[in-house]
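The structure under discussion appears below in the form of structure tokens.
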Amino acid sequence: MAFPATRPRRLRMSEIVRKMVRETRLSPDQFIYPMFVCPGEGIKKEISSMPGNYHWSVDTLVEEVRSVKSLGISGIMLFGIPERKDDRATSAYDDHGVVQEAVRALKREVPGILVITDVCLCEYTANGHCGLVKGEEILNDESLELLALSALSHAKAGADLVAPSDMMDGRVGAIRTLLDKNGFQNVPILSYAVKYASGYYGPFREAADSAPAFGDRRSHQMDPANAREALREVDLDIEEGADILMVKPAGPYLDIIRMLRDRYTHPLAAYQVSGEYSALVAAGQLGWLDLERTMLESLTGIRRAGADIILTYFAKDAARLLS
Ligand SMILES: [Zn+2]
């Protein structure tokens, strides 16, 4: 039946009908809010390239997470800004490191919200690389042990999930093995299975103070031009025991999200990264875009592509708009 019998506009005439036939829904319980914790007390320092995001000390973080929880957001992803950095990233797996202390405080003070920890070495190495370095090479196998130790120390502190983001080969398996050996067989691994070497991470480097002193991350993160390679990465992570798969960044890689959604049954997360966030915020500040509208549109697009879970710096703002 063609026009005039068929008129798609009939179902667009009122908000109540549009709402009834809506295919994709956004809800705060699909959001994870990334947060940055630093040493000290009483600290809430804005990250200039990510307006509305802060470095928190453990005490102020606890208060902020209470408000995150009250918005119905499922969890937070914690990144650490350590007191000291060194060649072996020792603060990453120090049981009294800043992330470990934050996890302990959050599990004690704010029950009922998931505390997920980022597992990587780049915030903790003096040279800002994601693994141990020899000359100009980032060593793979030697880094696995330290990544696994980091994940174990997070689990011991009470982390609900651990999220390896380094893209070293074999890290999911190394983490799974060490967690299981220590009685943490029920702590899930949210794997950054498909993480691209992206220019959209720019603002995060300031936030996490993790810009590499030399070279870049192209020897471990994926080439933005590749899609088939994502399937290989995901197959390996599943084999090694990943529970949830993640694609990072989100917006420029919606085809990858859709491809993984169609081929795998695992829950799928997507990380809307700092550059995606800051670009919209900046355009909003200039009056070039309606920020509230484009924020929700960008998140809807990520869900429509097939992500079950979205890590986003918009989590709080979007949750408020949806309530
Ligand atoms: Zn890293």
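The values are calculated or read from the model by the stated rules, or taken from the named source; none is laboratory data. Owing to the predicted nature of the structure, the values given are computational and were not obtained by experimental measurement. Note that we place each Cβ from the backbone using ideal geometry, even for glycine, and neighbour counts take in every protein chain shown. Please note that ligands, DNA and RNA were not included when accessible areas were found on the heavy atoms of the full protein model with its side chains. Shrake-Rupley method; radii C 1.70, N 1.55, O 1.52, S 1.80 Å.
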Q: Hey, could you check segment 95-126 for residues that are charged (D, E, K, R) and within 16 Å of the ligand (Cβ to nearest atom) and say which is modelled with the highest pLDDT?
A: Asp118
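Each row is one residue, and each column tells you yes or no for (1) surrounded by fewer than 17 Cβ atoms within 10 Å (Cβ to Cβ); (2) in a strand (DSSP E or B); (3) free of Cβ contacts under 8 Å to residues at least 24 places away in the same chain.
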| site | (1), (2), (3) |
| --- | --- |
| Asp262 | yes, no, no |
| His266 | no, no, no |
| Ala270 | no, yes, no |
| Ser278 | no, no, no |
| Val281 | no, no, no |
| Gly284 | no, no, yes |
| Gly287 | yes, no, yes |
| Glu292 | yes, no, no |
| Leu299 | no, no, no |
Q. Hey, does segment 134-145 have a residue that's within 16 Å of the ligand (Cβ to nearest atom), in a loop (DSSP other than H, G, I, E, B) and closer than 18 Å to Leu61 by Cα?
A. no
Q | Residue check, Ser210 in contact with a Gly (Cβ under 8 Å, 6 or more places away or on another chain) and within 16 Å of the ligand (Cβ to nearest atom) | A | yes
Q | Residues satisfying the stated conditions in segment 127-138, i.e. within 19 Å of Tyr201 (Cα to Cα) and either polar (S, T, N, Q) or out of contact with any Pro (no Cβ under 9 Å at 6 or more places or on another chain) (or both) | A | Asn127, Gly131
Q) Which one is nearest to the ligand (Cβ to nearest atom), of the residues in segment 154-173 that are in a helix (DSSP H, G or I) and buried (at least 22 other Cβ atoms within 10 Å of the Cβ)? A) Arg171
Q. Of Gly202, Gly215, which residue is more than 18 Å from Thr117 (Cα to Cα), within 16 Å of the ligand (Cβ to nearest atom), touching a residue at least 60 places away in the same chain (Cβ under 8 Å) and touching a strand residue (DSSP E or B) at 6+ places or on another chain (Cβ under 9 Å)?
A. Gly215
Q. Being in contact with a strand residue (DSSP E or B) (Cβ under 8 Å, 6 or more places away or on another chain) and closer than 21 Å to Cys122 by Cβ, is that true of even one residue in segment 17-32?
A. yes
Q: Give the residues of segment 38-58 that are open to solvent by 30 Å² or more (accessible area, probe 1.4 Å) and in contact (Cβ under 8 Å) with a residue 24 or more places away in the chain, sorted by residue number.
A: Pro39, Ser48, Ser49, Pro51, Gly52, Val58
Q | Among the residues listed as Phe79, Phe31, the single one being under 21 Å from the mean Cα position of the chain (by Cα), open to solvent by less than 40 Å² (accessible area, probe 1.4 Å) and under 24 Å from Ile138 (Cβ atoms) | A | Phe79
